[in-house]
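The values are calculated or read from the model by the stated rules, or taken from the named source; none is laboratory data. The structure displayed is predicted, hence computed values, not measured ones. Virtual Cβ from ideal backbone geometry, glycine too; neighbours counted across all protein chains shown.
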Amino acid sequence: MKDDTANNFEIIKEETVYDGFLKVIKAQIKHDTWHGNEQLEVTRESLERGDSVAILLYEQDTKSFLFTKQFRYPSARRGEAFMMELVAGSLGFNEDPVEGIKREVEEEIGYSLKNIEKICSYFPSPGGCSEQIHLYFSQVSSHDKIFQGGGEASEKEDILLTKIPLSEIKQLLRDGAINNSISIIGLQWFLLNKESLT
């Protein structure tokens with residue numbers, strides 16, 4: 001078996017095969033293999049949607065997490081039409097992730113943020129999508145809601161602010177009621193790192 005640090009690859013050719021709200025790139029690639037000395041030549045596709053930001057918000061005075069609910073077409077096809085998620089959104093070209101998450105929180109639920117803590121950056125589906133998600137945490141109070149929220153009208157967003165008490169979170173996670181990666185990762189991080197708030 002080869003040294004597991006080997007990582008040589010070459011992108012021979014790329015072409016855009018779909019260019020809508022999302023973009024699909026098709027590529028011819030050659031890369032090292034773990035077994036044997038030959039390189040493998042393959043055709044692969046990547047869903048391109050840019051990077052995203054998300055944030056776990058804990059409202060101290062109500063001891064609640066702030067979630068959004070909105071219609072999601074892809075999950076609706078699997079029986080989950082109105083998804084409960086953390087505030088999240090796409091980053092603009094070269095947009096700073098911290099500025100991006102402040103904008104998304106204002107647009108979606110109407111809160112102003114002060115202190116923002118980085119949780120992690122990760123690839124939610126690296127086998128098919130190039131998107132990287134930058135995940136954050138912030139504590140707020142109900143007095144920080146100073147904007148209307150509800151989503152960006154020009155993007156036809158319709159977003160409901162939903163408060164989930166901290167006391168219910170572990171059971172919701174056990175029951176699978178929270179079923180998207182940004183929410184699961186954010187909440188598990190909170191339970192591991194913010195025990196003093198519980």
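Figures for the structure shown
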read-out	value
Cross-chain or 6+ apart pairs with Cβ under 7 Å, region 67-81 first and among the β-branched types (V, I, T), then part of a strand (DSSP E or B)	T68/E85; T68/V87; T68/L160; T68/L161; T68/T162
Where a residue in region 121-140 is within 16 Å of S183 (Cα to Cα) and its partner, wherever it lies, is loosely packed, with under 14 Cβ neighbours inside 10 Å and of a type in the set (S, T, N, Q), with Cβ under 8 Å and at least six apart	Q132/S121; I133/S121; H134/S121; L135/S121; S138/N115; Q139/Q60; Q139/N115
Residue identified as in the same structural domain as S90 (by TED's automatic domain parsing), of a type outside the set (D, E, K, R), out of contact with any Ser or Thr (no Cβ under 8 Å at 6 or more places or on another chain) and farther than 21 Å from G100 by Cβ among L191, L173	L173
Subset of region 118-147 (residues that are over 30 Å from S46 (Cβ atoms) and either in a helix (DSSP H, G or I) or of a type outside the set (K, R) (or both))	S138, Q139, V140, S141, S142, H143, D144, I146, F147
Among the residues listed as L192, L173, the single one being within 19 Å of Y122 (Cα to Cα) and either surrounded by fewer than 14 Cβ atoms within 10 Å (Cβ to Cβ) or not polar (S, T, N, Q) (or both)	L192
Listing of strands (runs of 3 or more DSSP E) fully contained in region 1-117 that carry 1 or more residues being among the β-branched types (V, I, T) and in contact with a Phe, Trp or Tyr (Cβ under 7 Å, 6 or more places away or on another chain)	23-31, 52-59
One residue from V42, V17, V53 being surrounded by fewer than 12 Cβ atoms within 10 Å (Cβ to Cβ), of a type in the set (A, V, I, L, M, F, W, C) and either under 30 Å from K170 (Cβ atoms) or without any contact (Cβ under 8 Å) to a residue 24 or more places away in the chain (or both)	V42
Filter result (part of a helix (DSSP H, G or I) and under 14 Å from E59 (Cβ atoms)) within region 169-198	I169, F190, L197
Selected residue (only one of L113, L135 is modelled with pLDDT of 95 or more and in contact with a Cys (Cβ under 7 Å, 6 or more places away or on another chain))	L135
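Yes/no matrix, rows are residues, columns are (1) modelled with pLDDT under 95; (2) of a type in the set (A, V, I, L, M); (3) under 17 Å from V53 (Cβ atoms):
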residue	(1), (2), (3)
K163	no, no, no
L166	no, yes, no
I182	no, yes, yes
Q188	no, no, no
